[in-house]
């Protein structure tokens, strides 16, 4: 007989949208928040509020030794080009940009396997937080799959991630960035914020709300 797996109820998932993120980033060293930076401004050296400098400081913490990096074609328009085939038969998901996380999250949620989501897409902080609540990785992935359509709708309104004109980017500290839909783009949306964290192997999904 298969043991009952822990699950995340719709009510628990909804509560997590408001309480999980402060818990997840609460232990990070405080850093200055930079607000109201949108669209192409984030690519400019010395952009308003110093967000470009903060973005570069966060990225500087990344371990850039990506396996078979020479084989990576940085083109989120074709998800298959963001998957590196390693010599040992394993795969490495390219996550050097926030939009890569969005691509991989949706692609893997549309599938039936959890391995790549748990190993390379979801932040370790997110997994650890839910494990402490008695929820394992597969249950967390199942909850995300149940909310896939609403996550997809939000992503459709920020197609270029932090470079989208409809997005405000905030540095939250500890390598965490928040992408928030603004103005009309946030109208009639269940989710309006994407939170990501830069870890040693690249950007990872932290949460949505």
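Details
- Residue check for residue 134: out of contact with any strand residue (DSSP E or B) (no Cβ under 9 Å at 6 or more places or on another chain), surrounded by fewer than 22 Cβ atoms within 10 Å (Cβ to Cβ) and closer than 20 Å to residue 83 by Cβ: no
- Taking strands (runs of 3 or more DSSP E) as the structural unit, those lying wholly within the stretch 150-209 and holding at least 1 residues that are over 24 Å from residue 108 (Cα atoms) correspond to 167-173.
No value in this document is a laboratory result; all are computed from the given coordinates. None of the values given here were measured: they were computed from a predicted structure. With ideal geometry, Cβ positions are generated from the backbone for all residues, glycine too; neighbour counts draw on all protein chains shown.
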